[in-house]
Amino acid sequence: QVQLVESGGGLVQAGGSLRLSCAASGNIFSMAVMGWYRQAPGKQRELVASIASFGIANYADSVKGRFTISRDNAKNTVYLQMNLLKPEDTAVYYCNRNPYTNYWGQGTQVTVSS
């Protein structure tokens, strides 16, 4: 059974930092490109960062230089370190494969106040 559990969100002031974690189980993580997605109110879900099993990462232009994605293959966990947060980063953040599957977790809310 595939399960994705995101955590680490919260309320932070602009310029602050958060570190998100996503624990994966059920054969979705191994050797897969994993991604962090976000969905803001009234907007489509978008991919913000992805990382291959061997560590090559890619970022959306809107987060490049501020966010860092990483993974621990032994723990089936992917992380997103978010620095210099902006109000426009406010969204629910999800992890999934890239390209995404139909398995979505509950997400973790990130709210950045100005």
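List of remarks:
- For segment 82-106 versus segment 21-57, the spacing of their alpha-carbon centroids is 7 Å.
- Relative contact order of the chain: 37 percent, from C-alpha pairs under 8 Å at least 6 residues apart in sequence.
- Looking at segment 30-79, the trypsin sites (Lys or Arg not before Pro) that sit in a DSSP loop and have at most 12 other Cβ atoms within 10 Å of their own Cβ are Lys43, Lys64, Lys75.
- Set of lysines with alpha-carbon distance to Lys43 below 24 Å, sequence-local pairs under 8 removed: Lys64, Lys86
- Global form of the chain, assessed from the alpha-carbon gyration tensor, a/c cut-off 1.5: prolate
- Per residue solvent-accessible surface (Å²) - segment 1-71, probe of 1.4 Å: 53
- Zone residues, segment 85-114, relative to Ser30, backbone N less than 18 Å from point 7 Å out along Cα-to-Cβ: 97-98
The values are calculated or read from the model by the stated rules, or taken from the named source; none is laboratory data. Note that the structure is predicted; figures quoted are calculated from it, not measured. Backbone-built Cβ (ideal geometry, glycine too); neighbour counts: all protein chains shown. The area values use the complete protein model at the heavy-atom level, side chains included, leaving out ligands, DNA and RNA. Shrake-Rupley method; radii C 1.70, N 1.55, O 1.52, S 1.80 Å.
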